[in-house]
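Reviewing the structure listed below.
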Amino acid sequence: MSASRVLVTGGNRYIGLELVRQLAQAGHNVTVVNSHVIALPAGVRRLHADRRIAGEFQAVLAPHRDSFDVVFDNTAFTLDDLDPMLDMFRGRVQQYVFTSSTAVYRRSFVQPMLETFRTHDAADDDPRKSYGVNKVRCEQRLRDQFQQHGLATTCLRVSHTLGPRSPLVTRDPIFFARLEQGRPIFLPGEGLSFLSLVHIADVASLMVSLIGHPRAAGQVYNVTGTEVTSIAGAVHFMALAVGVAANVVFVPLDSARRQQPPLVHWGEAIMGGGIYSVDKALRDLDWQPRFGIQSGYADSYEWFKAEGRDLYEYDFSRDDEMLAGLP
């Protein structure tokens with residue numbers, strides 16, 4: 001694979017930073033556009049722009065619109081985010097890769113879910129579905145770009161992630177902290193809902209495999225691991241990584257549904273889980289997940305133990321309130 005000139009939106013943490021590192025390691029010429037300064041691999045160029053400020057991305061990127069072969073857009077959530085980028089780079093880049101989400105799917109009686117399964121109606125204005133619906137709208141816009149303008153777009157429906165450098169304490173970090181301190185972990189119901197999980201390094205390696213790949217043009221791919229576990233299983237594997245037994249407290253579903261914020265960040269805990277097929281990605285791309293669920297959590301904890309623990313603030317006040325209310 002020859003070196004490409006690559007633009008990454010975001011790129012300062014989690015999947016985006018892992019992508020930047022793997023792109024640089026593969027010898028690509030990488031530019032990052034984001035609003036946060038962070039240490040980047042040698043040779044990576046950074047452009048400062050905050051996408052939340054109207055017009056700022058366009059102003060910063062316009063002078064460089066002919067400088068890239070591939071765009072990895074990790075930070076577009078709505079058409080207002082996406083459309084200015086398409087206006088700038090249509091006809092100028094060879095590939096446009098969009099980070100979508102498995103949140104686009106409607107609930108299904110059939111598992112595993114394929115890329116052809118039903119997604120939310122783009123006209124659905126239910127605020128509870130807004131994240132997934134907006135991703136659907138972006139996917140549809142990108143499909144139109146491919147069909148009408150020949151832009152080689154690829155949409156990646158990423159499942160729940162695990163791994164180092166979580167941007168949110170409510171993911172791996174809060175669980176590791178509770179396990180280290182012997183604190184209880186409250187799970188809705190009996191924790192049996194299924195989770196599809198993927199390590200951020202495996203997401204990034206799939207992204208890198210897309211560069212110059214003709215089969216990826218105009219395609220949508222589920223991006224998740226090849227293993228599935230339950231919510232209770234995920235806690236079990238995190239406890240194995242820490243080297244302790246988890247003190248799990250099961251909370252009746254009717255009570256768990258009233259908790260705000262939710263007891264755990266996985267919506268499946270109270271809504272039921274989904275399983276997503278990655279057969280298409282395994283067939284089309286030169287990609288294979290490196291991490292299973294147990295090895296993925298072990299890797300995540302090694303980072304947490306070495307350098308991540310003190311990067312977060314932990315609030316256990318609700319834990320103590322719930323414990324006090326138990327019979």
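The values are calculated or read from the model by the stated rules, or taken from the named source; none is laboratory data. As the structure is a prediction and not an experimental result, all values here were calculated from the model. Using ideal geometry, Cβ is built from the backbone for each residue, glycine included, and neighbour counts are taken over all protein chains shown. In case anyone asks, the SASA skips ligands and DNA or RNA and just uses the protein heavy atoms, side chains included. Shrake-Rupley method; radii C 1.70, N 1.55, O 1.52, S 1.80 Å.
Some points to look at:
- Label positions at GLN94 and VAL60, each projected 7 Å from the Cα along the C-beta direction, are separated by 2.6 nm.
- Rounded FRET efficiency, nearest 0.05, which uses the C-beta distance separating ALA122 from ALA245 and R0 of 56 Å: 0.75
- Helix content alone sets the calculated 222 nm mean residue ellipticity of the chain: runs of n ≥ 4 DSSP H residues at -39500 (n - 2.57) each, divided across all residues, give -10000 deg cm²/dmol.
- Between ASP73, ASP87, ASP144, the Gaussian network model of the chain with springs among Cα atoms under 10 angstrom shows the greatest mean-square fluctuation at ASP87.
- Scattering profile of segment 83-213 at q = 0.22 Å⁻¹ [log10 I(q)/I(0), Debye over alpha-carbon scatterers]: -1.42
- The protection proxy used here, the mean number of other Cβ atoms lying within 10 Å of each residue, ranks peptides 112-119, 47-54 as follows, highest first: 112-119, 47-54.
- Distance between the modelled labels on TRP303 and ARG258, one decimal in nanometres: 3.8 nm (7 Å Cα→Cβ projection).
- Accessible area expressed per residue, segment 142-207, with surrounding protein chains retained (probe 1.4 Å, Å²): 31
- Inter-site label distance for ARG5 and SER108 at 7 Å from Cα along Cβ, in nm: 4.0
- Those lysines that a straight Cα-Cα span of less than 23 Å connects to LYS280, excepting residues fewer than 8 apart in one chain: LYS135
- Axis of helix 293-303 versus longest Cα principal axis of the chain: the two differ by about 90°, to the nearest ten degrees.
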